[in-house]
């Protein structure tokens, strides 16, 4: 068994080292088993599915502002190879997302939490932050590692009833102990990157805090709620944004174009 363990280490460690990289802006080390072209292809496939199901917004003003803000953020994201696209979809849900490769969707329901263009920039910057940090690839990698662990456990436990219980416990433990906390880390990271991006694009980063203060009032802000969630609670993410505000303001002061709060949305 020791010989086998050593052989596995010799084979696996170089692969793990090769799969390690760092996240832009934060410098966090992360493990990725996917390549950027693979992630981009997954993003394109998912985008086609989104376009086939979601209803495009007919509001020309909303479409124009999403495109304008999106292009401003994309211009400072330093990802010219991405096929950037910004779409607005008619839906009461307060949501937005960015797929690998630069496909950004904003749902009209989120505008009820926004008064100024800069607040939209905070949201778009956050979603673009997920994309340039390659969080999608990390989630795929985490799923692969979780499946590999389950396969090893299933092989190690022989009794069928014990195996079922062991896999159930393993699934819950990895979800609560590893995957959900990692997802919350991704959210904090996207908040940070998004704040830097909006500031570099000339939007006042203080409006990121204003947006999340309004948005958090409609969320479950209990510590227990956070434990079972992929997202941090509002007070925690706002506190983190306030920590990063001085850095964001330095980017803002250096921005070639000062957009400030931007245009009033309503």
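The values are calculated or read from the model by the stated rules, or taken from the named source; none is laboratory data. Values in this document were obtained by computation on a predicted structure and should not be read as measured data. Methodologically, a virtual Cβ is constructed for each residue, glycine included, from the backbone with ideal geometry; neighbour enumeration extends over all protein chains shown.
Pull up segment 56-73, narrow it to residues that are surrounded by 11 or more Cβ atoms within 10 Å (Cβ to Cβ) and part of a loop (DSSP other than H, G, I, E, B), then point me to the one that is farthest from the chain's Cα centre (by Cα).
59
Among the listed residues 142, 146, identify the single one that is modelled with pLDDT under 95, crowded, with 17+ Cβ neighbours inside 10 Å and either more than 16 Å from residue 87 (Cα to Cα) or out of contact with any helix residue (DSSP H, G or I) (no Cβ under 6 Å at 6 or more places or on another chain) (or both).
From the options 142, 146, the qualifying one is 142.
Here are some residues: 253, 266. Which one is modelled with pLDDT under 90 and either exposed (fewer than 14 other Cβ atoms within 10 Å of the Cβ) or in a strand (DSSP E or B) (or both)?
Testing whether each residue is modelled with pLDDT under 90 and either exposed (fewer than 14 other Cβ atoms within 10 Å of the Cβ) or in a strand (DSSP E or B) (or both) leaves just 266.
Output the number of the condition that residue 81 fails; it satisfies all remaining conditions of (1) surrounded by fewer than 22 Cβ atoms within 10 Å (Cβ to Cβ); (2) touching a residue at least 24 places away in the same chain (Cβ under 8 Å).
It fails just one condition, (2).
Looking only at segment 109-137, count every residue that is assigned to a helix (DSSP H, G or I) and within 18 Å of residue 47 (Cα to Cα) and tell me the total.
So the count comes out to 10.
For segment 109-119, state whether one or more residues are surrounded by fewer than 17 Cβ atoms within 10 Å (Cβ to Cβ) and closer than 25 Å to residue 183 by Cα.
yes
Which condition breaks for residue 99 when tested against (1) at pLDDT 95 or above; (2) within 24 Å of residue 215 (Cα to Cα)?
Going through (1) at pLDDT 95 or above; (2) within 24 Å of residue 215 (Cα to Cα) one by one, residue 99 breaks only (1).
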